[in-house]
Amino acid sequence: MTDQYQDEYQDDIIAGATALAALSKDLKEAATMLTPRQARFLADYYYQMQRNRIRAGHQALKAAEADEPGAVAAWALGNSSTLENNIRKVLDIYSMTTVVGRWSRSIVGIGPVISAGLLAHIDIEQAPTVGHIWRFAGLDPTLPRMAKGERRPWNARLKVIGWKCGESFTKVCNNPRDIYGHVYTDRKRFEIAKNEAGDYAGQAAKKLEDFKIGKDTDAYGWYSQGKLPPAHIHSRAKRYAVKLYLAHLHHVMFESKYGIPPPKPYILTQPGHVHFIAPPNWPMP
């Protein structure tokens with residue numbers, strides 16, 4: 001973590017401590033008074049607690065299987081679950097306080113924690129185009145590879161939230177109300193067809209050139225045939241769905257702030273790229 005992000009994260013922790021103290025009061029009142037910095041901290045803290053709860057659950061299960069005393073582990077697990085649920089309730093209320101949050105929550109797969117995290121991390125005044133959001137979330141393909149110690153041009157926590165968006169979309173693709181999960185599945189079929197046609201042979205060769213990939217791995221087998229492995233295809237399709245969702249989120253944020261649609265992404269201003277997909281469920285009823 002660079003000094004810049006370390007300082008910002010420390011500030012978020014201080015702000016988050018204030019927010020956690022407020023949870024002992026009325027949850028609804030605390031949620032409506034959250035600052036973006038506090039919401040950022042709570043969203044990050046929620047995911048940390050979720051990981052810790054899962055780990056503690058495994059430990060408690062192992063203790064029970066070994067007939068070891070598990071009262072303390074069960075107590076800690078119960079308290080963690082209570083705080084985790086309270087944070088989720090606060091972020092649920094916070095994410096519904098604006099029209100942008102309500103639009104985000106209308107999307108199948110986007111829950112209160114993801115929505116609150118996006119609202120807290122993205123400042124539309126600093127993002128005149130969706131490209132700024134893509135870059136800030138680490139989704140710009142022109143981003144350079146970072147050497148150790150270099151200052152990264154993206155926000156690691158927002159990048160994680162973007163990854164969680166993609167994971168959610170893949171899980172809801174069978175929901176009849178789903179939108180972006182279907183975008184993912186359609187794009188995956190498209191990517192598979194291009195891969196089978198050898199369109200990614202250049203990328204496969206470069207992967208072998210730039211990275212040390214064991215010859216006994218499945219990945220090497222795919223790259224050596226001039227094709228991308230299934231996991232790579234999955235990631236490409238998922239990233240496409242996330243970028244479209246963020247483009248729509250930017251549209252909603254921009255129009256809510258300025259009263260006019262945002263500028264088209266650069267790619268749509270070039271010859272042969274004129275297909276615009278409007279944000280679903282927008283404007284809100």
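The values are calculated or read from the model by the stated rules, or taken from the named source; none is laboratory data. Since the model is a prediction, treat every value here as computed from it, not as a measurement. Ideal geometry is used to build each Cβ from the backbone, glycine not excepted, and the neighbour counts take in all protein chains shown.
Numbers below:
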read-out	value
Residue within region 154-166 that is under 11 Å from the mean Cα position of the chain (by Cα), outside the structural domain of SER235 (by TED's automatic domain parsing), of a type in the set (Val, Ile, Thr) and closer than 14 Å to TYR245 by Cα present	no
Residue in region 239-258 that is assigned to a helix (DSSP H, G or I) and farther than 30 Å from PRO128 by Cβ present	no
Test: ALA197 is modelled with pLDDT of 95 or more, exposed (fewer than 15 other Cβ atoms within 10 Å of the Cβ) and within 26 Å of the chain's Cα centre (by Cα)	no
Residue count for region 102-131, restricted to those that are outside the structural domain of TYR258 (by TED's automatic domain parsing), touching a helix residue (DSSP H, G or I) at 6+ places or on another chain (Cβ under 9 Å), among the small types (Gly, Ala, Ser) and surrounded by fewer than 22 Cβ atoms within 10 Å (Cβ to Cβ)	1
Pairs with Cβ under 7 Å, 6+ apart, first in region 41-55 and free of Cβ contacts under 8 Å to residues at least 40 places away in the same chain and assigned to a helix (DSSP H, G or I), second surrounded by 14 or more Cβ atoms within 10 Å (Cβ to Cβ) and among the polar types (S, T, N, Q)	MET49/SER80; ASN52/SER80; ARG53/SER80; ARG53/SER81
Breaking point among (1) at pLDDT 80 or above; (2) buried (at least 16 other Cβ atoms within 10 Å of the Cβ); (3) in a helix (DSSP H, G or I), for ALA15	(1)
So ILE107, is it under 18 Å from GLY162 (Cα atoms), in a loop (DSSP other than H, G, I, E, B) and among the hydrophobic types (A, V, I, L, M, F, W, C)	yes
Residue that is nearest to MET253 (Cα to Cα) [pool: residues in region 118-156 that are in a helix (DSSP H, G or I) and touching a Lys or Arg at 6+ places or on another chain (Cβ under 7 Å)]	ILE124
